[in-house]
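Please read the structure below before turning to the comments.
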Amino acid sequence: MIQLLQGGCYLLDGTELIPEDKDALQILKAKTGKDVDRQEAAKGTIAYGILKDHNTSEDMEKLKIRFDKLTSHDITFVGIIQTARASGLERFPMPYVLTNCHNSLCAVGGTINEDDHMFGLSCAKKYGGVYVPPHQAVIHQYAREMLAGGGKMILGSDSHTRYGALGTMAVGEGGPELVKQLLNQTYDIDMPGVVGVYLTGEPVKGVGPQDVALAIIGAVFQSGFVKNKVMEFVGPGVSSLSADFRIGIDVMTTETTCLSSIWRTDDEIASFYEIHGRKEDYRQLDPAAVAYYDGMMTVDLSAIRPMIAMPFHPSNTYTIEELNANLMDILDETEKRARVSLGNAVEYHLKDKVVNGKFRVDQGIIAGCAGGGFENICAAADILKGRYIGNDSFTLSVYPASMPIYMELIRNGCAAAILETGAVLKTAFCGPCFGAGDTPANHAFSIRHSTRNFPNREGSKLQSGQISSVALMDARSIAATAANQGVLTPATEFDGELGKYQYHFDSKIYANRVFDSKGVADPSVEIQLGPNIKDWPKMCALPENLVLRVVSEIHDPVTTTDELIPSGETSSYRSNPLGLAEFTLSRKDPDYVGRAKQMRAVQESVQADVCPITSNPDLDLGSVYRAIRTKYPEMSRKNTGFGSTIFAVKPGDGSAREQAASCQKVLGGWANIANEYATKRYRSNLINWGMLPFLIEKGELPFHNLDFLYLPGIRKALEDKREEIEAYVVRDGSLQGFTLRLGDLTDEERQIILKGCLINYNRVL
C-alpha cells in the first residue's frame with residue numbers, strides 16, 4: 001500500500017524511480033545519455049522552482065521568502081493586525097483575506113465574536129484587504145476558490161494552509177510570520193528537503209481522500225519522515241484523481257508535520273480554475289526530466305481501503321475492516337493509550353460501545369476544509385439516498401465548505417437527499433474541527449471527516465470530568481455508518497452507484513457579499529474596537545541573566561497546541577491576550593497559570609526596583625539568591641530577570657496558533673525546554689514572542705517541576721551565537737550544572753529574542 005524508500009531517489013521523466021545508490025548515476029547516464037549531477041537534479045523538483053521564484057536572497061540554502069498573498073481567520077487576524085499596528089502598519093502590502101469561519105456563531109461572551117468581525121471589516125477597509133463574512137466560506141475553501149494560483153505561494157495563520165493540489169505552495173504559520181510579511185519583511189528558512197510522494201493506480205469505489213490521507217499520515221508521522229519538509233506529489237496516479245480528491249488529501253498533509261506541499265498539475269486542475277472563472281491562474285507544473293528527491297514514498301491508490309484514525313491522534317490509524325475484525329483488542333489498546341494521554345484524569349472506556357459484536361458510534365460530522373468539499377458531500381448523499389439515520393441517539397451533521405458549494409448541492413438535489421435522511425445541513429463553519437460546535441455527549445464517540453482528533457478538541461472539558469472521543473474517517477464511510485444507523489461500516493460495503501456530479505461555481509454569491517477593497521486602502525476609516533480587543537502588554541528585553549522556575553513538567557510523547565492553549569470556547573478571547581492567558585494549559589496542568597503568575601509578579605517587582613525577596617515571600621527567593629551568589633556574587637536584581645519555563649518532551653504538534661507561545665509570554669514565560677519541537681511553526685512562535693527555544697538531550701532530567709534554574713550571561717551567550725548554554729539547578733543551597741542547546745537561529749531570530757519579542761524588534765527598526 002505505502003512504502004517509504006530510505007535515502008534519496010531520482011525521478012526520471014516523471015514515471016521511473018531510481019533509488020540513490022552506487023549504481024544510480026550509471027543507470028541515469030545509460031537512460032539519458034549524459035552525466036547527471038545530484039545538486040542540479042535537486043533543482044528539478046517543482047518545489048525548488050517555486051521557492052526560487054519567491055526567494056529574495058541570493059542564497060538558495062538560506063531562503064528569504066516573500067509570499068504572494070496572505071489569509072487569516074477570525075481567531076487570528078485581530079492579534080496579527082494589532083501586532084502589525086503596534087509596529088507602524090499603514091496598509092496591507094499584498095492581498096490579505098480575512099475570513100470569519102471559526103468564531104462564526106457569536107454565541108459565547110456576549111458581543112465578543114461579532115466585535116472581532118467588525119474589527120476585521122474596518123481593517124479591510126482601512127488597510128486595503130478582503131473581508132469574508134461569517135457562514136460564507138471556511139478559510140481554505142475560499143482560498144482554493146479565489147486565491148490559489150499555479151506557481152504562487154500563500155502564507156496563512158492556520159496550520160491547514162495547504163493548496164498544493166492547485167499548484168500553490170502554501171504554508172501555515174503563527175501570526176508573527178504574517179506580521180513580518182505585512183511589514184515587508186521575509187519568511188526566513190533553510191532550504192527544506194523535498195520528499196516525493198509517487199502515486200500509482202486509482203482508488204476503488206468507496207475510498208475517499210481522507211482514507212488516502214490517513215494511510216499516509218499513519219505511515220510517516222512517528223518516524224518524522226517528512227517533518228519540516230515539502231511533500232511533492234508526482235506519478236501517474238495523480239491523474240486518476242479529481243481536483244476535489246487531490247485537495248482532500250493535500251489539506252491533511254499538515255498532520256504529517258511537513259512544511260508544505262505541491263502537486264504536479266494537469267488538465268483536471270486547469271478545469272478547476274476554468275470552472276471558478278480564473279483560467280488565467282492555471283499553470284502546468286511538472287518535475288524536470290531528471291529530478292532528485294531527499295526522500296520518496298510510493299502509494300498504490302488501488303490498495304487503500306477505508307481508514308479510521310482512532311483517538312487521540314490522526315496517526316493512530318487502522319483500516320475499518322481491521323478494526324471490526326479485531327474490535328476488543330484495538331479498543332483495549334486505544335483505552336490504554338488514552339489513559340497515558342489523559343493522565344488518568346478521567347475514566348475512559350470504549351469497549352462498552354460494542355453491542356452484539358458491532359461497534360456503535362454516537363455522532364457523524366462531515367465538515368470544514370477537509371470534509372466539506374463538493375464531491376465528498378455528493379458521495380455521502382448517494383450512499384444515504386433512500387435511507388434514514390434513525391430516531392435514536394445517533395446524529396449526522398454536514399457542513400458544506402462554502403456557500404457556492406451549498407448552492408450547488410441544493411440545485412443538484414444532494415441537499416434534499418441528505419436532509420430527508422434525518423441529517424442536518426449547516427452553513428460553512430470550522431467549529432466541529434476545534435470544539436466550537438457539535439460537542440458530543442460525555443463518553444460519546446464521534447466519527448468525523450475533519451482534520452484532528454486530539455483530546456478534548458471536540459469541546460469536552462477534562463477539568464470538568466468530561467471526555468468524549470473523535471475518530472477521523474472519510475465522508476463516504478461516515479455516510480455508510482449513518483445509513484447503518486451508527487454501526488461502524490466502511491463505504492466499500494455500499495453496493496449502489498456513486499454518481500459523477502458536475503460542479504457549477506456561482507460567483508455572484510461572493511460578488512454580492514464579500515468586501516473586496518481591490519487593494520485600495522482608505523486611511524480615513526476608523527478601526528472598530530470592542531471591549532474585549534486589547535493591546536499586547538509591554539514586554540521587556542532579554543536581561544543579562546535569568547532565574548527561571550519550572551512551572552510545568554510534561555512527559556507525554558507529544559504535547560499539542562490544543563493542550564498548551566485549549567480551543568473551543570476559549571477562542572472568543574483570542575483578541576484579549578491577558579484574558580486568554582488564563583486558559584493556558586488549563587486542560588493539562590491546571591496549576592500552571594497560578595505558578596507562572598507568581599514568577600511574573602517577581603519580574604514586575606524587579607522592574608519597579610522593589611526587592612523581589614520581600615515582595616514575594618511565598619517563593620523563598622532568599623535561598624535562591626544566596627545559592628546563586630556563592631558562585632556568581634555579581635548577580636543582582638539590576639542585571640537579572642525572573643520568569644517561568646515549562647518542560648515538554650515534544651511540544652507544538654497541531655495548530656499554528658501563536659497563542660500557544662504568547663500566552664506563556666504574557667504570564668511571564670521566558671523559555672521552553674524540550675527534547676525536540678514537534679513543528680517548525682511552534683518553535684517560530686516561541687522565538688517571535690521572545691522566548692528561548694531550549695533543547696535538552698533525552699534522558700533523566702537534571703531538574704524537576706518547581707525547581708529554580710539559573711542562566712548566567714544568557715544575553716551575552718545569545719549575542720555571541722553560542723550553541724551550548726550554561727545552566728544550573730538551584731537545589732539545597734548549591735548550584736548543579738547542566739547544558740542546554742538553542743539549535744539553529746538566524747541573526748534576525750536572535751535579535752527578536754534579545755529585544756524581547758517581534759513587536760519590540762520592529763518598534764526600533
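The values are calculated or read from the model by the stated rules, or taken from the named source; none is laboratory data. Quick caveat: nothing in here was measured; it's all calculated off a predicted structure. FYI the Cβ positions are ideal-geometry reconstructions off the backbone, even for glycines, and counts take in every protein chain you see.
See the values below:
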| quantity | calculated |
| --- | --- |
| Hits in the range 340-367 (condition: within 30 Å of Ile405 (Cα to Cα) and buried (at least 20 other Cβ atoms within 10 Å of the Cβ)) | Val361, Gln363, Gly364, Ile365, Ile366, Ala367 |
| Residue that is nearest to Pro95 (Cα to Cα), among those in the range 15-65 that are surrounded by 18 or more Cβ atoms within 10 Å (Cβ to Cβ) and touching a helix residue (DSSP H, G or I) at 6+ places or on another chain (Cβ under 8 Å) | Ile65 |
| Output for the range 1-46, where each listed residue is touching a residue at least 24 places away in the same chain (Cβ under 8 Å) and of a type in the set (A, V, I, L, M) | Met1, Ile2, Leu4, Leu5, Leu11, Leu12, Leu17, Leu28, Val36, Ala41, Ala42, Ile46 |
| Lone unmet requirement of (1) out of contact with any Gly (no Cβ under 8 Å at 6 or more places or on another chain); (2) in contact (Cβ under 8 Å) with a residue 60 or more places away in the chain; (3) basic (Lys, Arg) for Arg283 | (1) |
| Any hit, the range 451-468, residues being modelled with pLDDT of 95 or more and not in a loop (DSSP other than H, G, I, E, B) | no |
| Among residues of the range 476-504, those that are among the aliphatic types (A, V, I, L, M) and farther than 30 Å from Val346 by Cα, counted | 5 |
| Among the residues listed as Glu255, Glu232, Glu280, the single one being assigned by TED's automatic domain parsing to the domain that holds Pro19, in a helix (DSSP H, G or I) and crowded, with 22+ Cβ neighbours inside 10 Å | Glu255 |
| Out of Lys52, Lys64, sole residue that is in a helix (DSSP H, G or I) and under 33 Å from the mean Cα position of the chain (by Cα) | Lys52 |
| Subset of the range 135-155 [basic (Lys, Arg) and either outside any loop (DSSP other than H, G, I, E, B) or in contact with a Phe, Trp or Tyr (Cβ under 7 Å, 6 or more places away or on another chain) (or both)] | Arg144 |
| Failed item in (1) among the hydroxyl-bearing types (Ser, Thr, Tyr); (2) in contact with a strand residue (DSSP E or B) (Cβ under 7 Å, 6 or more places away or on another chain); (3) not assigned by TED's automatic domain parsing to the domain that holds Asp13, with Tyr293 passing the rest | (3) |
| Whichever residue in the range 217-253 is touching a strand residue (DSSP E or B) at 6+ places or on another chain (Cβ under 7 Å) and of a type in the set (Lys, Arg) and, among such residues, is farthest from His313 (Cα to Cα) | Arg246 |
| Condition check for Arg448: surrounded by 24 or more Cβ atoms within 10 Å (Cβ to Cβ), in a loop (DSSP other than H, G, I, E, B) and either at negative phi or in contact with a Ser or Thr (Cβ under 6 Å, 6 or more places away or on another chain) (or both) | no |
| Test: Lys631 is among the basic types (Lys, Arg), surrounded by fewer than 24 Cβ atoms within 10 Å (Cβ to Cβ) and either touching an Asp or Glu at 6+ places or on another chain (Cβ under 9 Å) or not in a helix (DSSP H, G or I) (or both) | yes |
| Tally of residues being farther than 16 Å from Leu182 by Cβ and assigned to a loop (DSSP other than H, G, I, E, B) across the range 100-134 | 14 |
| Among the candidates Glu177, Glu202, residue that is more than 19 Å from Gly371 (Cβ to Cβ) and assigned to a loop (DSSP other than H, G, I, E, B) | Glu202 |
| Residue check for Ser571: of a type in the set (S, T, N, Q), in contact (Cβ under 8 Å) with a residue 12 or more places away in the chain and either in contact with a helix residue (DSSP H, G or I) (Cβ under 6 Å, 6 or more places away or on another chain) or loosely packed, with under 14 Cβ neighbours inside 10 Å (or both) | no |
| Residue among Leu542, Leu529 that alone is modelled with pLDDT under 95 and out of contact with any Pro (no Cβ under 7 Å at 6 or more places or on another chain) | Leu529 |
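Here is a yes/no grid of residues against (1) outside the structural domain of Val226 (by TED's automatic domain parsing); (2) of a type outside the set (D, E, K, R); (3) assigned to a strand (DSSP E or B); (4) in contact (Cβ under 8 Å) with a residue 12 or more places away in the chain:
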residue: Ile687; (1), (2), (3), (4): yes, yes, no, yes
residue: Glu700; (1), (2), (3), (4): yes, no, no, no
residue: Lys716; (1), (2), (3), (4): yes, no, no, yes
residue: Tyr728; (1), (2), (3), (4): yes, yes, yes, yes
residue: Thr739; (1), (2), (3), (4): yes, yes, yes, yes
residue: Arg750; (1), (2), (3), (4): yes, no, no, yes
